[in-house]
Amino acid sequence: MTTVPELVGPRDPIAAQTWREQRRAARRRDPQLPVAAALVTDGSERLTARLLREAGMDVVGLLAPEPLESLAWAADVGAPRAYGDLAALLSDDVEAVCIELAPPGSDLIAQRAAEAGLHVLLVRALTADPEALRAVADVAEDADLAHVVAFDDRAWPAAWHVQASVPGLGRLTQMTVVGAPSGPLGRAEILDLTVRWCGEVLAVCADPAGMPAPLLTSTAPVTLALLTASGATVLVHEQMGARLTDATFTLCGEAGRIVVEGRRVRRSDHEGVRTVWMPPPVSDRPGLVEATYDLLRAVEQDDPAMVRGATVHDLLTVTRLQDAARRSRDAGGWVEL
């Protein structure tokens, strides 16, 4: 049966806050109480609500750019309520908000949601206003709220396997990536992986004339270079339309080497060569599913520290590196951090 959503308007925000406090208290008695969430979307993805529900979220409302779109899209995804504006969402009986917008809209809504006492899930690992996002983290942590960001690399089993295996390589000397996804979101994934595997990034180069090596293969020019605190130099070739799991990652250390190609992880060291096959992804949007699980875990345990994946802090780290890459591209040479 098709749900006919109700278009709701703003109500008393104090009543909404009281409801959230009562819901939080009730969950301490019953941790399995569903998490009531609202979806804020621009309509670019139509399967998000289904994925949220499959992960365990109760999607009770939807906000689109226009009230009529809110009604139509809420009916399409089976949400019982649609919102005419952000004030209506923030004053509704919801505990969390999933934001599927591009910045700067996502930044503003995330900040307003945290200030209203809502847990925040950002679907896109992008921001136009780092200060607004920093405020989200500050407000959320003061109020014991979770703030979660969806990165696909946080849901990639091979990435966790490599992260645990890197110490066995000894001192890292180099990482190369051939066929990395291009664009802001793709680069964000590679930067997040670099920090996880190689440690803090000290300098960035996106200037073709400043690269320590021009090519990784005859058809793979280096488009991004990083110097990390571990001592490793990272050389990346980005390719339009590529996916994270299509790229070839090679990590070299003084005691061995790891090569990652999708589900296959090969390690070579003094004991020989070993191959491990990782499980396939759980969906075509694994980062969103994993981030939803993270948010649910934190809410059900009433402990934001239960978030094991990416938070706003991780997005801010990536954003700082993205900005350094832009400055390197525009002004030339390396940019130190």
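The values are calculated or read from the model by the stated rules, or taken from the named source; none is laboratory data. Not measured: the values here are computed from a predicted model. Cβ atoms come from the backbone with ideal geometry, glycine included; neighbour counts cover every protein chain shown. Protein only, heavy atoms only, side chains kept; ligands, DNA and RNA dropped before computing areas. Shrake-Rupley method; radii C 1.70, N 1.55, O 1.52, S 1.80 Å.
Note: relative contact order over the chain, using C-alpha pairs below 8 Å and six or more positions apart, is 18 percent. Figure legend: label point modelled 7 angstrom from the Cα of Val4 along Cα→Cβ; residues of the stretch 42-78 with amide N under 17 Å from it are 71-78. Each of Ala232, Pro130, Ala310 was placed along the dipole of the chain (beta-carbon charges, centred on the mean Cα), and the one lying farthest toward the positive end is Ala232. Looking at the chain, the accessible area is 44 square angstrom per residue; that uses a 1.4 Å probe and ignores ligands, DNA and RNA. Projected onto planes of every orientation and averaged, the convex hull of the alpha-carbon atoms in the chain covers 18.4 nm². Once neighbouring chains are kept in place and the probe is 1.4 Å, which whole percent of the accessible area of the chain is contributed by carbon and sulfur? About 53 percent, which is the carbon plus sulfur part of the accessible surface. The protection proxy used here, the mean number of other Cβ atoms lying within 10 Å of each residue, ranks peptides 5-12, 27-34, 185-192, 308-315 as follows, highest first: 185-192, 308-315, 5-12, 27-34.
Computed about its Cα centre, the charge dipole of the chain is approximately 1040 debye, with only Lys, Arg, Asp and Glu carrying charge at their Cβ. Per-residue 3J(HN,Hα) values for the stretch 261-272, derived from phi via the Karplus relation 6.51 cos²θ - 1.76 cosθ + 1.60 with θ = phi - 60°, read 9, x, 7, 9, 10, 10, 10, 10, 7, 5, 8, x Hz in sequence order (x marks Gly and Pro).
Charges were assigned to the Cβ only: +1 to each Lys and Arg, -1 to each Asp and Glu. The resulting dipole of the stretch 186-337 about its Cα centre is roughly 420 debye.
Note on the chain: dipole from Cβ charges, positive end direction compared against Trp277, Ala87, Ala242; the farthest Cα belongs to Trp277. Mean-square fluctuations from a GNM of the chain, with a 10 angstrom spring cutoff on Cα atoms, peak among Ala143, Ala135, Ala26 at Ala26. Overall, the anisotropy analysis places the stretch 33-148 in the prolate class: the square-rooted eigenvalues a ≥ b ≥ c of its C-alpha gyration tensor yield a/c not less than 1.5, with a/b exceeding b/c.
Peptide packing: for 269-278, 220-229, 286-295, the average count of neighbouring Cβ atoms within 10 Å per residue gives the ranking 286-295, 220-229, 269-278, highest mean first.
Would you mind getting me the FRET efficiency between Ile14 and Val273? Use the beta-carbon distance for r and R0 = 51 Å, nearest 0.05. Result of the calculation: an efficiency of 0.20. Membrane-span-like helices of the chain, defined as complete DSSP H segments with a Cα extent of 24 Å or more along the helix axis and a mean Kyte hydropathy of at least 0.5, are absent.
A simple charge model with +1 on the Cβ of Lys and Arg, -1 on the Cβ of Asp and Glu and nothing else charged puts the dipole of the stretch 62-177 at about 600 debye relative to its Cα centre.
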